[in-house]
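The values are calculated or read from the model by the stated rules, or taken from the named source; none is laboratory data. Please read all numbers here as calculations on a predicted model, not as lab measurements. All Cβ positions, glycine included, derive from the backbone under ideal geometry; neighbour counts span all protein chains shown.
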Ligand code: 9D3
């Protein structure tokens, strides 16, 4: 996969060379191009923004430096899927990450100020993505998050265990709690079942905890799933044990 990142802060992207991205680069699974938008500015001051048409606060990133950058990217190999990171985009999630992981090349456009001139979006942008309902100062951190989530889905980047597990039921739930040695800490002993060595009972306990946590913390996820009778029974058991009654 190739990823192009367009930004006025190319140095923000450098920390990505560690961890996942570094590993993918070393393995030759990934190549990255960082494009400094200012390199395509027209004037001596390297300005890439101007005041909004119609007035109001803030600045807007100008069409011309953006269009020149897009032309340079498109001329250098196969045309990527151009993605603008913006609060107006569709919210990023696992399905979108999986879709992007299958693309041979993506370009991530990081906005600053109030965003990109709409004419550039109309002419060049294929998809607009937000990472959630909160306000960031720009798209660079959003790009880092998307790159992390996408790369770990590419076979070979993590080792394959994670991708193989992807479609099974329990991976749609929140995780169960985890414990490690020692068996006793100052006040709390690890759950007896986890110390029993009975793997069938342990798997049952973990699924019960995962169902219970998802019910309590993410009812939106649970409502999307069709629980089997056995799974419903486990969830009821969890709620009874937690003195929470049974769902109606
Ligand atoms: C304070 C400016 N806002 C006026 C109501 C609009 C605004 C413009 C630009 C808000 C945020 C931004 C910068 N945000 C991003 O570049 C961004 C973002 C985000 O803010 N939230 C969630 N996902 C993303 S992806 C890119």
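Observations on the model:
- The set of residues in the stretch 204-232 that are exposed (fewer than 13 other Cβ atoms within 10 Å of the Cβ) and assigned to a helix (DSSP H, G or I) comprises 217, 219, 220, 223, 224, 229, 230.
- Every residue from the stretch 63-95 that is part of a loop (DSSP other than H, G, I, E, B), under 20 Å from residue 136 (Cα atoms) and in contact with a strand residue (DSSP E or B) (Cβ under 8 Å, 6 or more places away or on another chain): 92
- Residue within the stretch 39-47 that is buried (at least 16 other Cβ atoms within 10 Å of the Cβ) and out of contact with any strand residue (DSSP E or B) (no Cβ under 6 Å at 6 or more places or on another chain) present: yes
- Scanning the stretch 33-50 for residues that are without any contact (Cβ under 8 Å) to a residue 40 or more places away in the chain and in contact with a helix residue (DSSP H, G or I) (Cβ under 7 Å, 6 or more places away or on another chain) turns up 34, 35, 36, 37, 40, 41, 42, 46.
- Of note, residue 112 satisfies the criterion of being touching a strand residue (DSSP E or B) at 6+ places or on another chain (Cβ under 8 Å) and at pLDDT below 95.
- Checking each residue in the stretch 7-22 for being more than 18 Å from the chain's Cα centre (by Cα) and in contact (Cβ under 8 Å) with a residue 60 or more places away in the chain picks out 7, 8, 9.
- Just one of the numbered conditions (1) under 21 Å from residue 12 (Cα atoms); (2) surrounded by fewer than 13 Cβ atoms within 10 Å (Cβ to Cβ); (3) within 10 Å of the ligand (Cβ to nearest atom) is not true of residue 26: (3).
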